[in-house]
Amino acid sequence: MIFSSVLGKDLYHKIERAVSEHNMLEKLKAGVLVGLSGGADSVLLLLYIAELSKRNGDFPILAVHINHMIRGEEADRDEEFSRKLAKSLGVQFISSKVDVPKIASELSLGLEEAARNARYSEFQRIINGRNDISCIALAHNATDNIETVLLNVLRGAGTRGAAGIPPVRDNIVRPLIFLPKRDIIHLLNCEKIEYMTDSTNSSDDYSRNYIRNNVIPHLSRLSHDPEGSFERLSRNLRSDDEYITEEAKAFLKGRNRISTSELSCLHKSLLHRVLSIMASEYSITLENVHVDVIHDNLCKDNFECTLAKGIRFVSERGISYITDSTYVDINYSYEIDNGKTEIPEYNADFYLTDKKVNKTFLKVYKKSIQADLSSAIICGRLFIRPKRDGDSVFYGGITRKLKKLFNDRKIPISKRSLIPILCDDKGVVWVPGFGVRDD
């Protein structure tokens, strides 16, 4: 019995602590898929789950091995070992082959990231096709957590990333999260329990391997229990992260449109979380640079910031929201002649006349829709088109950028292309609602 020795009892106690503290038992008892690579961690995990099942009414267990097709014969060896181990424990077994190198190439991902994504996707696919399994148990341990924390910190992560690997996330549980890797290997070796070793683990070509092989051994010189220290750090940061998230959800109250003035009053840390929750509705992760840009522009009534995958943060007339809608690209140019010119893009008409116009038609919603200009100022042809980047008009003795004019009038960015601009060969002549060019 692997858990009957002194070390076995100690590790079993640590596993039970993780299961108890993070309420994993009910999830496991509902039926569990165990990720089984054949390595020491997953072997111990399957042994524990099998023991736990016997003590709790024999709940369903499914061991799943993913062959990433990276290590050739060695990968096939691991698959066959996993199959035999599951059979010896009376556990149902499934193996899947996933061409990770091909996926990594097609999606321009590193092998580690592509393999991780493939595993999670395959595990979820298998669960979705069954009604007796609802939980996924993975064999991440305390040493894995150190590696993750250090990698995330080096990438400039915030509270959530620096908190490391969560013991529970949705339907995924990690019962071994408090166990150091060295203790797992020591226990299996003492009990003469076989496990497979991945030959690529000794290679420093992968960032995680480099930390495992070169950094963590030095941490042990500074602390007798680096895994315990990092576990406490992770626990504290997760607690902080949970508090900030709850505050952000309370602030949003289910809203997806917020007044810009409300956002501007938030502490930047809370603002980051609020924006992250809003962005998660579009399955994107908010970068720090995006939060910085938004934070610095909250004093404006109208602005926008492009996020990942073309998603945009927009503030219009003091209301902020995140959207995946794109502006209609209105691109036209109509030469203006005497009489009526139809503008189908606006379902509107433009009139050019030398006759006096009835004053009834001079204004709409207090905005001028008519301008008087001398034919002497017209340079070449007259035509009408939408605003373009860099447009400006010289009137009142000042050259005025249309972007600045529209900002001052608080015209939403999404509406600016709907304003027809009268131009000649020299440039902008008139914008409805603004002055005519000085000449």
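Can you tell me which residues in segment 158-172 are in a strand (DSSP E or B) and either touching a helix residue (DSSP H, G or I) at 6+ places or on another chain (Cβ under 6 Å) or within 20 Å of Ala40 (Cα to Cα) (or both)? Matches in segment 158-172: Ile172 only.
Go through segment 141-157 and report how many residues are open to solvent by less than 50 Å² (accessible area, probe 1.4 Å) and either in a loop (DSSP other than H, G, I, E, B) or in contact with a strand residue (DSSP E or B) (Cβ under 6 Å, 6 or more places away or on another chain) (or both). The total comes to 3. Of all residues in segment 366-408 being in contact with a strand residue (DSSP E or B) (Cβ under 9 Å, 6 or more places away or on another chain) and β-branched (Val, Ile, Thr), which is nearest to Pro432 (Cα to Cα)? Result: Ile369. Can you report the number of residues in segment 272-322 which are open to solvent by 30 Å² or more (accessible area, probe 1.4 Å) and of a type in the set (A, V, I, L, M, F, W, C)? So the count comes out to 6.
Taking the criterion of being among the charged types (D, E, K, R), touching a helix residue (DSSP H, G or I) at 6+ places or on another chain (Cβ under 7 Å) and loosely packed, with under 12 Cβ neighbours inside 10 Å, the only residue of segment 222-271 that qualifies is Lys268. Can you tell me which residues in segment 394-418 are assigned to a loop (DSSP other than H, G, I, E, B) and either over 17 Å from Asp301 (Cβ atoms) or under 33 Å from the mean Cα position of the chain (by Cα) (or both)? Passing the criteria: Gly396, Gly397, Lys410, Ile411, Pro412.
When segment 290-349 is filtered for residues that are charged (D, E, K, R) and either within 24 Å of Arg388 (Cβ to Cβ) or in contact with a His (Cβ under 9 Å, 6 or more places away or on another chain) (or both), the ones remaining, listed by number, are Lys300, Asp301, Glu304, Arg312, Glu316, Arg317, Asp329, Glu335, Asp337, Glu342, Glu345, Asp349. Please specify each residue of segment 139-188 satisfying the condition of being polar (S, T, N, Q), touching a Ser or Thr at 6+ places or on another chain (Cβ under 9 Å) and under 22 Å from His65 (Cβ atoms). Within segment 139-188, just Asn171 meets the criteria. Confirm whether Pro175 is surrounded by 19 or more Cβ atoms within 10 Å (Cβ to Cβ), closer than 18 Å to Val43 by Cα and either touching a helix residue (DSSP H, G or I) at 6+ places or on another chain (Cβ under 7 Å) or free of Cβ contacts under 8 Å to residues at least 12 places away in the same chain (or both). So Pro175 passes the test. Is it the case, given these coordinates, that Arg125 is within 16 Å of Ile165 (Cβ to Cβ) and open to solvent by 70 Å² or more (accessible area, probe 1.4 Å)? It is false that Arg125 is within 16 Å of Ile165 (Cβ to Cβ) and open to solvent by 70 Å² or more (accessible area, probe 1.4 Å).
It is to be established whether one or more residues within segment 123-138 are touching a strand residue (DSSP E or B) at 6+ places or on another chain (Cβ under 7 Å), over 23 Å from Ala18 (Cα atoms), free of Cβ contacts under 8 Å to residues at least 60 places away in the same chain and of a type outside the set (S, T, N, Q). Among the residues of segment 123-138, not one is touching a strand residue (DSSP E or B) at 6+ places or on another chain (Cβ under 7 Å), over 23 Å from Ala18 (Cα atoms), free of Cβ contacts under 8 Å to residues at least 60 places away in the same chain and of a type outside the set (S, T, N, Q), which makes the answer no.
The values are calculated or read from the model by the stated rules, or taken from the named source; none is laboratory data. Here the structure is a predicted model, which means the values were calculated and not measured. A quick note on method: Cβ atoms are made from the backbone with ideal geometry, for glycine too, and the neighbour counts reach across all protein chains shown. Each accessible area value is taken on the protein alone, full model and side chains, heavy atoms only, with ligands, DNA and RNA left out. Shrake-Rupley method; radii C 1.70, N 1.55, O 1.52, S 1.80 Å.
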